[in-house]
Amino acid sequence: MTETANQLETTTVYGLSPDCRYRRVVDEGVILRQSAGEVLVSNAVGARVMDLLDGTNPVAAIVDRLVSELDVDRDTAERDLAAFLQGLLDGGVIEPRDSAAD
C-alpha cells in the first residue's frame, strides 16, 4: 500500500472486537455493536470485507482477494480498504489480532 493518511500495515490481521457481532444477510452485512446498542449495515462489498476480517487474513491478502473478485484496480482497492478499515477501527468494530494467536 502506498503511504497515505489512511495507511494501514499490510501485514496486520484484524478481527471483530469482542463487543461486536457480524452476520451476512443476503448481500448485506449486519454488525451489532452490543455496548452501544448500534446496528451497522454494509453493502455487498463491505460484507465481503467483513467476511475476510476473520482474524486470519492480513490486509495484503484482503486487497489481493478484492482485486481478484471485483472489478477494481489495486490502488483503488488499497485506498478504499484502508478508509473502510480505519472507520471500523475508529468505531470499535474491529481490532488488530496477534497473527500467531487464534
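Every number here is computed from the coordinates shown, using simple stated rules; none is lab data. Owing to the predicted nature of the structure, the values given are computational and were not obtained by experimental measurement. FYI the Cβ positions are ideal-geometry reconstructions off the backbone, even for glycines, and counts take in every protein chain you see.
Here residue 30 meets the list (1) surrounded by 15 or more Cβ atoms within 10 Å (Cβ to Cβ); (2) under 10 Å from the mean Cα position of the chain (by Cα) almost entirely, failing just condition (2).
Close contacts from segment 15-40, counting a first residue that is more than 19 Å from residue 52 (Cβ to Cβ) and a second that is charged (D, E, K, R) and not in a strand (DSSP E or B), with Cβ to Cβ under 6 Å and a gap of 6+ residues or different chains, come to 34/19; 35/19.
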